[in-house]
1. V78 to S141: extension gain in nm, 0.36 nm per residue of separation minus the Cα-Cα distance?
2. Would you please give the residues with an amide H less than 5 Å from that of G138, counting only those at least 5 places away or on a separate chain, with H modeled from the backbone geometry?
3. Taking 0.36 nm per residue of sequence separation and subtracting the Cα-Cα distance, how much length would be gained by fully extending the chain between L55 and I5, in nm to one decimal?
4. To the nearest 10 square angstrom, how much accessible area does S54 have with a 1.4 angstrom probe?
5. Using mean Cβ contacts within 10 Å as the protection proxy, how do 80-88, 107-115 order, highest first?
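The values are calculated or read from the model by the stated rules, or taken from the named source; none is laboratory data. Because the structure is predicted, anything quoted here is derived from the model rather than measured. Virtual Cβ from ideal backbone geometry, glycine too; neighbours counted across all protein chains shown. When the accessible area is computed, the model is the full protein with side chains, heavy atoms only, and any ligands, DNA or RNA have been set aside. Shrake-Rupley method; radii C 1.70, N 1.55, O 1.52, S 1.80 Å.
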Amino acid sequence: MAAVIRAFIGYCFLVFIMRVAGRRPGKQMTPMEFVLIFFSGGLTLTTMVADDRSLTNAFCQILTVALTHYAIAWLRQVSPAFGRLVDGTPLILMANGEWHAETMGKMRIEEEDVLAMARDKGLTSMKDVQYAFLERNGEISIIQPEKDGGGD
């Protein structure tokens, strides 16, 4: 039973740490952020397993982590407040040509990250960007200014 409790607490702690560590998509993560993720997982695994390396213990822990993950996903769906706590909310990085430096600093996002995402969308100038958001999943969304319909 202790292994199941350690697995539950370990998984919840990892979810919390990843929330605190920030939300950056994989292609924008630094090598140190990858090290943090893998190292945290390895340390948590070590404490979960402890001295009990039995197959039964492994199955119980895997099942506990899977059920905990399912429970968190379900709670995110039924409780928008819990979803905001676990995933956060979309954040404005740029609006109408104005950078939100405080938000970008807190999220460790550089202007170059936003510019790279704009280039990924085929945009060549920041005049082509009206809004840039850091989404809940860590991706940067670019919103272009509306074009005049003209001719109708």
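1. Fully extending the segment from V78 to S141 adds 20.1 nm.
2. none
3. Extra length from L55 to I5 when fully extended: 16.3 nm.
4. 50 Å²
5. 107-115, 80-88
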